[in-house]
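Please read the structure below before turning to the comments.
The values are calculated or read from the model by the stated rules, or taken from the named source; none is laboratory data. Quick caveat: nothing in here was measured; it's all calculated off a predicted structure. Using ideal geometry, Cβ is built from the backbone for each residue, glycine included, and neighbour counts are taken over all protein chains shown.
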Amino acid sequence: MAPSPSPPRPDYVRRHLRFGWWSLFVFLLLGATLETLHGFKAGFYLDVSNETRRLMWTLAHAHGALLGIVNVAAGVTLRTLPELPGDPRIPLISATLRAATVLLPAGFFAGGATFYSGDPGVGIALVPVGAACLAIAVFLLARAVSTPSGPPAATERRRRNG
């Protein structure tokens, strides 16, 4: 009897390359929009009373663009080290990195959309959640690439088998 085929694994390389490049595009457009608002001297963006909005939206643009690049780097890392996509940590790394790419900029943007007496709005609460997701993803990916010869289970099998 032929062994049953294993379920297809998600293509994490393509997923992160695609997500990263599209994120970079979206946040490039956000940056261009912010520059346009600046160029046209839009009061709801440039007035001194709206300094919080300007800061929060600039942070959303910067963090989103940087995290888009981090996703591209993650995709390239997964392609460069072929043993990584089989690592059991990769699904969690992928999910938390993509969550961070959405939550961090969304928190900054929402915090600037409505604000109170110079303090960011309640949307800023997404930022620590996104930061925690990013920290988890980066830590786990750093551990995965630091493993001498692939995922921990494969390394342990090699050690036992001599």
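Is it the case that some residue within the range 112-120 is at pLDDT 95 or above and in a helix (DSSP H, G or I)? Taking every residue of the range 112-120 in turn, at least one turns out to be at pLDDT 95 or above and in a helix (DSSP H, G or I). Being out of contact with any Ser or Thr (no Cβ under 7 Å at 6 or more places or on another chain), within 16 Å of residue 14 (Cα to Cα), in contact (Cβ under 8 Å) with a residue 40 or more places away in the chain and aliphatic (A, V, I, L, M) is a property that does not hold for residue 59.
Any residue at all in the range 81-97 that's in a helix (DSSP H, G or I), surrounded by fewer than 17 Cβ atoms within 10 Å (Cβ to Cβ) and of a type in the set (Val, Ile, Thr)? No: zero hits. Among the residues of the range 112-129, those identified as touching a Phe, Trp or Tyr at 6+ places or on another chain (Cβ under 9 Å), touching a residue at least 24 places away in the same chain (Cβ under 8 Å) and not aliphatic (A, V, I, L, M) are 112, 120. Per the conditions (1) in a helix (DSSP H, G or I); (2) modelled with pLDDT under 95; (3) among the hydrophobic types (A, V, I, L, M, F, W, C); (4) surrounded by fewer than 17 Cβ atoms within 10 Å (Cβ to Cβ), the sole criterion not satisfied by residue 1 is (1). Take the conditions (1) farther than 12 Å from residue 130 by Cα; (2) free of Cβ contacts under 8 Å to residues at least 60 places away in the same chain; (3) among the polar types (S, T, N, Q); residue 77 misses just one of them, which is (2).
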